[in-house]
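Undergrad: Questions regarding the structure given below will be posed in turn.
The values are calculated or read from the model by the stated rules, or taken from the named source; none is laboratory data. Only a predicted model underlies this, so the values are computations on that prediction, with no experimental measurement involved. Note: ideal-geometry Cβ built from the backbone for every residue, glycine included; neighbour counts use all protein chains shown. Areas reflect the complete protein model, heavy atoms only, side chains present, ligands, DNA and RNA absent. Shrake-Rupley method; radii C 1.70, N 1.55, O 1.52, S 1.80 Å.
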Amino acid sequence: MPRLGPDPFLHPDCEVSGSELGAYVEIGRGSRLNRVEMGDYSYCDRYADLANVTVGKFANIASFTRIGPTDHPMGNASLHHFLYRSEDYWDDSGRDEDFFAARHARRACIGHDTWIGHGAVVRPEVTIGHGAVVASSAVVTKDVAPYTIVAGVPAQPLRPRFAPALAERMIALAWWDWPHEVLRARLADFRAMPAEAFLETYEGATIEPA
């Protein structure tokens, strides 16, 4: 695979429509993205399915995840898609554009530096806070606080990733907005330092490369 760069890298057999992808983005084989905004450095692994979702920077989305799964009209006499994909069944009938507009408006939001585990599902209109972790096979039906680990069906808080005060400091640092060359200059510290030591080193520092 070539080195990632300013243009997104799509592996074979992807379907991407109505989407905007940032720099250093990677889309895994067989993934499907519809109406997705994905920030710089984020990626999804193989066969991820994302619809109507805004993804921040440095998001880690594992294989076979589903974010923003679409709903059927459960309050009607039928929930089948002949109600809204009617042109597939009759020549004289069109799509229910109001239904699709309402569906597209129900966007999920995935924060910066998040990890969505293998096979997880994130429902429409759910926000996953910065730094949060969603365990494998979890089904997330409500918002997840920043730097919180959730698991289960439906997903429940398991434990904090960082203590609240540390999480607030990390959000204020907003390292995900640093330029590419600054990330490279500080790579060794990203690798070696625990979170609190990293904060003590870089809180209040300039973003010029070392």
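Undergrad: Scan the helices (runs of 4 or more DSSP H) fully inside region 127-210 and keep the ones with 1 or more residues being in contact with a Pro (Cβ under 7 Å, 6 or more places away or on another chain) and open to solvent by less than 60 Å² (accessible area, probe 1.4 Å).
TA: In region 127-210, the matching helices (runs of 4 or more DSSP H) lie at 164-173, 180-185.
Undergrad: Shifting gears a bit: Could you list, in sequence order, all residues of region 1-42 that are among the aliphatic types (A, V, I, L, M) and in contact with a strand residue (DSSP E or B) (Cβ under 9 Å, 6 or more places away or on another chain)?
TA: M1, L4, L10, V16, L21, V25, I27, L33, V36, M38 - these are the residues of region 1-42 that are among the aliphatic types (A, V, I, L, M) and in contact with a strand residue (DSSP E or B) (Cβ under 9 Å, 6 or more places away or on another chain).
Undergrad: Oh, and also: Residues that are touching a Lys or Arg at 6+ places or on another chain (Cβ under 7 Å) and either in contact (Cβ under 8 Å) with a residue 40 or more places away in the chain or of a type in the set (A, V, I, L, M, F, W, C) (or both): does region 145-160 have at least one?
TA: Yes, because at least one residue in region 145-160 is touching a Lys or Arg at 6+ places or on another chain (Cβ under 7 Å) and either in contact (Cβ under 8 Å) with a residue 40 or more places away in the chain or of a type in the set (A, V, I, L, M, F, W, C) (or both).
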